[in-house]
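Each remark here refers to the structure printed beneath this line.
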Amino acid sequence: MPADMSVAPPAAGASPGRLALLGLPKADLEGVFAGLGEKPYRARQLMRWLYGRLVTDPAQMTDMSQALREQLAARCDLALPSIDACQEAADGTVKWRLAAGDGQLIETVFIPEEGRGTLCVSSQVGCALDCSFCATGRQGFNRNLGAAEIIGQVVLASRELGLVAGRSRVTNVVFMGMGEPLANFRAVVQACRVLVDDLGFQLSRRRVTVSTSGLVPQIRRLQAETNVALAVSLHAPDDELRNELVPINRRHPIAELLEACWEYAEATSAVGITFEYTMLAGVNDSEAQARRLAGLLANRPAKVNLIPFNPFPGTRYRRSSPEAINRFRQVLLDRGIMTITRRTRGDDIAAACGQLAGQVTNRVRVPLGSRQVDVTWAG
Ligand code: SAH
Ligand code: SF4
C-alpha cells in the first residue's frame, strides 16, 4: 500500500436509529432476526458473511432472500469505519487512520512478524488516564468506541490486508491502540467474545490481549467474564515513581494491582501476565530499579516486555540507551524472569507504542478522582 493513501472521505459514525450488527453475539443477532420475522439460523449465516468472508454489504449475502437483504440494508447498520488515511512503514507495519464521526480520528496498526500478524486496535477516542509519557493520553478523551467500531477495525484491516497478495493475515489482536480498554469494559468484553468465537474470528484466547494501565476492579470483572490474555502497563517498580508516570496508580497502587494480576492468572489459567515497562532514560531504567522490579515479579506467573520509549512532539522523556536496556533486562533474566525487549515497529509513521494520537476534539476534561470519570469507566 502506498504511504499516505487517502481512500475515502471521512464518514459520520454509526447511522442514527439503525442497529449496529457488527460485534453482536449470536444470541442478540437471533433476537434481531426474530424481530424481522426470520429464523434463528440467519444469525449464523450473517456471522459467516461478516467474519468468515469479511462481507458487510447485505446485497452480496446470496444465501439470504432478496427481501431480507433489503431489510438488513434499510434497518441495520453494517458499516465499517471509513479510512481517512493509510500509511505503510519501511518495516511493513501498516497504520490506518479511521474516521469515528464528528471529525474524530482513531488509529489501528498492523504489525507483521515471522509467522504472525498482530493487529493493534483502539478502544476509545483518546484516553482520560493521562500517563505522562503517552501521546494518546496527551490528546485527552472524547468517547468510548462501541463494540461495532472495535470489531469494525478487525474486519476492515483483515479485508484490506487480503487485497494484497503475500501480505500476512491477522493472527493476534491486542488492545494496545488508543484508549484504556478496561475503561470501556462492556464494549471491549463483547468484542473479545467475537474475536474468540467459533462463528467469529476463531482466535485462540491466548492470541487476544487486553492491555491495561491498572484498573483493578475491572481486572477482576474481566476475570469473571472472559479469559483472554492480560498485559499490565507497570513502568515503575515503586509507587512514588508510578504515581508520576501512570496517575491511576494513586487510586490502585502496585501491591493492589499485582494481587489482582496473580488472581487473574490463577482464575483464567493464563500462561502468565505480561508486564509492559517503557524504558525512559534516567527515569526508570537503572539496575537498582530492575532489582526492585525483579523483587515484585520473581517466582510469579509473569513475563516482562521492555518497550524502548517512542518519542512524540513536545515530550520531556528520552529513550533509554540500548546498553541501559540490556543491563536492565539481564538483571531480570538473572532472577529467572522471562524478559524480552520489544522491537520498535513503525516509528517512521508514528505507529509505534504510545505514538498513536489520531485526532481528538471536543475533549471531555475528566480529572482523576472525579465522579465523571467513574461514569466513563463503568463502560
Ligand atoms: N491504555 C492501555 C493500552 C494502550 S498503550 C495501557 O496503557 O496499557 C500500549 C502500551 O504502550 C502501554 O504499555 C503503554 O504504557 C505504552 N506506551 C504509551 N506511551 C508510550 C511511548 N511513548 N513509548 C513507548 N510505550 C508507550
Ligand atoms: Fe491511556 Fe494507556 Fe496512554 Fe496511559 S498509556 S494514557 S492508559 S493509552
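The values are calculated or read from the model by the stated rules, or taken from the named source; none is laboratory data. The structure presented is a predicted model; accordingly, all values stated were derived computationally and were not measured. Don't worry about glycine lacking a Cβ; one is built from the backbone with ideal geometry, like all the others, and counts go over all protein chains shown. Just the protein is used for accessible areas: all its heavy atoms, side chains included, with ligands, DNA and RNA removed. Shrake-Rupley method; radii C 1.70, N 1.55, O 1.52, S 1.80 Å.
Observations on the structure shown:
- Dipole magnitude of the chain about its Cα centre (Cβ charges: Lys, Arg +1; Asp, Glu -1), debye to nearest 20: 280
- Scanning residues 5 or more positions from Thr278 or on other chains, those with amide H under 5 Å from its amide H are His235, Ile307, with H placed 1.01 Å from N in the peptide plane.
- Rounded to 5, the percent of DSSP beta bridges in the chain classed as antiparallel: 50
- Pairwise FRET efficiency - Gln66 versus Glu323, Cβ, R0 = 45 Å, nearest 0.05: 0.10
- Carbon-plus-sulfur accessible fraction, the chain (probe radius 1.4 Å, protein heavy atoms only): 49%.
- Burial order of peptide ranges 257-263, 245-251 (average beta-carbon count within 10 Å, highest first): 245-251, 257-263
- Interchain or long-range residues, amide H under 5 Å from Thr341's placed H: Leu306
- Note on Lys39: accessible area approximately 130 square angstrom, rounded to 10, probe 1.4 Å, nucleic acids and ligands left out.
- Look at the dipole of the chain built from charges on Cβ: of Ala147, Gln202, Gly162, the Cα furthest out on the positive end belongs to Gln202.
- Loop-located trypsin sites (Lys or Arg not before Pro) in the range 75-172, at most 16 other Cβ atoms within 10 Å (DSSP): Arg167, Arg169
- Counting only protein heavy atoms and a 1.4 Å probe, the chain has 42 square angstrom of accessible area per residue.
- Rounded to the nearest 20 debye, dipole of the range 216-274 from Cβ charges on Lys, Arg, Asp, Glu: 220
- Backbone N under 15 Å from the Ser204 label point (7 Å along Cα→Cβ), restricted to the range 158-196: 171-173, 196
- Computed about its Cα centre, the charge dipole of the range 20-77 is approximately 180 debye, with only Lys, Arg, Asp and Glu carrying charge at their Cβ.
- Mean separation of Cα contacts under 8 Å, 6 or more apart, over the residue count of the chain: relative contact order %: 17
- Placed amide H near Val174: partners under 5 Å, 5+ positions off or other chain: Leu119, Cys120, Val121, Thr209
- Taken one residue at a time, the phi angles of the range 51-65 give Karplus couplings (6.51, -1.76, 1.60, θ = phi - 60°) of 9, x, 10, 6, 9, 10, 8, x, 4, 8, 8, 6, 8, 10, 5 Hz. Gly and Pro are set to x.
- Rolling a 1.4 Å probe across all protein chains gives Cys76 an accessible area of roughly 10 Å².
- Only lysines eight or more places from Lys303 in sequence, or on another chain, were considered; none has a Cα closer than 23 Å.
- In sequence order, calculated HN-Hα J values of the range 105-122 (Karplus, 6.51, -1.76, 1.60; Hz; x Gly/Pro): 10, 10, 10, 10, 10, 10, 10, x, 9, 3, x, 7, x, 9, 9, 9, 9, 8
- Loop-located GluC sites (Glu not before Pro) in the range 100-208 whose Cβ has at most 14 other Cβ within 10 Å (DSSP): Glu114
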